Amino acid sequence: MSAAGRMALVLLVALAVRTAAGEEVWRTRAVAKLYGVYSPRGFFNIVVRLKCLESAEWVKLDLKRAQITVDFEPGEEVSKEDLARVQHEAGYRPGPVELFRVTGETVDHSAPGWMRLKSPPPKKTAQRVRMARRQRG
Amino acid sequence: MGALVAWGVAQASPATFVTALPVATDQLLVRFNFQSILGTQDFLGLQMPVNVGYGLTSRWAIFANFNQAYGSLGATTARPELSSWGAQDTTVFARYTIFKVDRPRSTFRIAPLAGAFLPWGDNALRYKGGPYLPGILQTGSGTVDPYFGVTMGFNSTSWGWAADTTYRANPVASQGISPGSELRSDGQIEIWLYPRHLPEEGLPKTVVLSYEMNYTKDSDTYIDGTLAPLSTGTVLKHDLFLELGTLRWQIGVGAQVPLMQSFDTPNHLRERAGAFLFFEYYLSAPDWRHRRSNT
């Protein structure tokens with residue numbers, strides 16, 4: 001292979017690696033304002049219903065802002081209606097919900113108020129392993 | 001066997017459990033209580049009620065209260081020392097949130113309730129197979145007693161209030177001691193001691209000081225189906241509680257002092273003081289009815 005050919009191959013590999021690295025795993029993040037929740041017990045009502053959303057993985061409870069922030073499993077979609085239903089089934093009037101897509105750097109669950117909702121079920125774990133393998137190429 | 005005493009003193013007044021606070025669908029709430037009461041005639045009453053709540057839907061909740069109790073009366077010239085122990089009547093009721101106003105960090109709710117006291121206790125306990133023990137040492141009413149009422153409350157991150165009124169209609173049993181029907185009203189006000197200022201992020205533990213008043217009016221008692229004259233009573237008590245709350249549990253300690261005790265007979269047993277301890281735990285019930293995937 002000529003020098004130019006080797007150079008082209010290196011550039012292609014570098015481009016492929018960057019593309020793979022650039023395909024960062026995204027999560028759906030939902031921020032829901034809460035109406036009627038005023039105490040830790042009230043937040044538990046919300047948590048009970050959130051646990052029924054199978055892809056809900058992390059939740060941040062903020063009393064002063066009267067809101068929850070929910071991070072779902074990577075690649076999972078949710079709707080505003082799902083979050084409104086969570087609030088309704090917890091016994092409260094649903095508040096407004098906003099949905100975002102967040103990626104690696106913005107997903108930090110070490111701030112005060114974050115708690116993990118549950119361990120992912122085996123099926124989801126297998127999906128995650130397959131996804132990680134695909135990303136590694 | 002000594003002076004017949006009415007039911008009201010034996011029924012300790014817990015921190016208002018009949019609340020309008022929401023219970024999420026498929027949520028379980030379990031509350032363990034320990035209550036002690038000291039009264040005249042060397043009366044000692046110990047109760048260990050366990051309250052269980054379950055959220056059927058966002059508005060319907062069902063509750064069951066199980067109770068074990070011990071009571072003893074000191075010896076007098078007219079009688080020996082008496083005591084009893086056992087399961088008391090079990091309460092089951094359903095509550096429906098008929099009206100609510102939910103705002104950021106506050107809620108106001110009104111919820112009627114209805115159910116019954118089931119005769120798990122005994123209303124014909126005797127002393128060594130002889131005469132009946134006094135009413136205060138009986139553990140049941142002997143009948144299924146319809147129970148209904150209404151509860152309401154406002155709560156926020158700085159203060160709150162709650163009130164309830166309930167009526168327990170006690171039919172007359174053909175045997176044993178039948179306590180009279182009971183009208184009861186509770187009022188409560190609470191303030192948050194901690195945190196005084198909410199943190200910018202997260203969910204803090206809370207410390208709440210709660211003041212409560214309990215009013216009870218008992219109708220006439222019946223013995224073996226016959227009216228026992230001069231057996232009504234009216235009692236007003238007040239309580240002070242300190243409660244620590246977290247996401248999954250709440251613990252509280254309190255004291256009770258009677259304000260007013262009015263009975264038909266002057267030698268009626270009267271409460272002197274009471275003490276309370278409770279632990280409330282929240283957990284998710286199996287959610288097979290509503291489990292779903294949003295994927």
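The values are calculated or read from the model by the stated rules, or taken from the named source; none is laboratory data. Because the structure is a prediction, the values reported are computed rather than measured. No Cβ is skipped: glycine too gets one built from the backbone with ideal geometry, and neighbour counts run over all protein chains shown.
Aromatic (F, W, Y), in a strand (DSSP E or B), surrounded by fewer than 19 Cβ atoms within 10 Å (Cβ to Cβ) and within 11 Å of chain A (Cβ to nearest Cβ): which single residue out of B:F154, B:F148 fits that description?
On the way: B:F148 fails: within 11 Å of chain A (Cβ to nearest Cβ).
B:F154 is the lone residue from the list that is aromatic (F, W, Y), in a strand (DSSP E or B), surrounded by fewer than 19 Cβ atoms within 10 Å (Cβ to Cβ) and within 11 Å of chain A (Cβ to nearest Cβ).
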*Restricting to the stretch A:43-58, what's the tally of residues that are more than 7 Å from every other protein chain (Cβ to nearest Cβ) and either surrounded by fewer than 20 Cβ atoms within 10 Å (Cβ to Cβ) or not hydrophobic (A, V, I, L, M, F, W, C) (or both)?*
2
*What number of residues within the stretch B:88-108 satisfy the criterion of being facing chain A (nearest Cβ under 8 Å) and charged (D, E, K, R)?*
4
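If we scan the stretch A:78-92, do we find a residue that is part of a strand (DSSP E or B), under 29 Å from B:H197 (Cβ atoms) and at the interface with chain B (Cβ under 9 Å from one of its Cβ atoms)?
Of the residues in the stretch A:78-92, the ones part of a strand (DSSP E or B) are none.
No, every residue in the stretch A:78-92 fails to be part of a strand (DSSP E or B), under 29 Å from B:H197 (Cβ atoms) and at the interface with chain B (Cβ under 9 Å from one of its Cβ atoms).
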*asked:* Among (1) over 14 Å from B:D26 (Cα atoms); (2) within 7 Å of another protein chain (Cβ to nearest Cβ); (3) in a loop (DSSP other than H, G, I, E, B), there is one condition A:L61 misses while meeting the rest; what is its number?
replied: (3)
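Within the stretch A:93-125, take every residue that is in a loop (DSSP other than H, G, I, E, B) and away from chain B (no Cβ under 14 Å) and give me the one that is modelled with the highest pLDDT. If you could, list the steps in order and put the result at the bottom.
From the stretch A:93-125, those in a loop (DSSP other than H, G, I, E, B) are A:93, A:103, A:107-113, A:117-121; that's our starting set.
This time we only want the ones that are away from chain B (no Cβ under 14 Å), so: A:103, A:107, A:119.
Details: A:T103: 88, A:V107: 79, A:S119: 62.
Once the filter is applied, the top-ranked residue is A:T103.
Tell me, please, whether a residue that is within 26 Å of B:R126 (Cβ to Cβ), surrounded by 15 or more Cβ atoms within 10 Å (Cβ to Cβ) and not polar (S, T, N, Q) can be found in the stretch B:56-66.
Step one: list which residues in the stretch B:56-66 are within 26 Å of B:R126 (Cβ to Cβ), which gives B:66.
Okay, now just the ones that are also surrounded by 15 or more Cβ atoms within 10 Å (Cβ to Cβ), so B:66.
Of the ones still in play, those that are also not polar (S, T, N, Q) are B:66.
Yes, some residue in the stretch B:56-66 is within 26 Å of B:R126 (Cβ to Cβ), surrounded by 15 or more Cβ atoms within 10 Å (Cβ to Cβ) and not polar (S, T, N, Q).
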_Any hit, the stretch B:97-106, residues being under 30 Å from B:G135 (Cα atoms), of a type in the set (V, I, T) and in contact with a Phe, Trp or Tyr (Cβ under 7 Å, 6 or more places away or on another chain)_ = no
*Any residue at all in the stretch B:239-257 that is farther than 30 Å from A:F43 by Cβ and over 20 Å from the mean Cα position of the chain (by Cα)?*
no
_For the stretch B:201-244, give me every one of the strands (runs of 3 or more DSSP E) that falls completely inside it and has 3 or more residues that are out of contact with any Leu (no Cβ under 7 Å at 6 or more places or on another chain)._
B:206-218
*Applying the selection to the stretch B:192-221, what residues are closer than 22 Å to B:I110 by Cβ and either within 12 Å of chain A (Cβ to nearest Cβ) or not hydroxyl-bearing (S, T, Y) (or both)?*
B:V208, B:E212, B:M213, B:N214
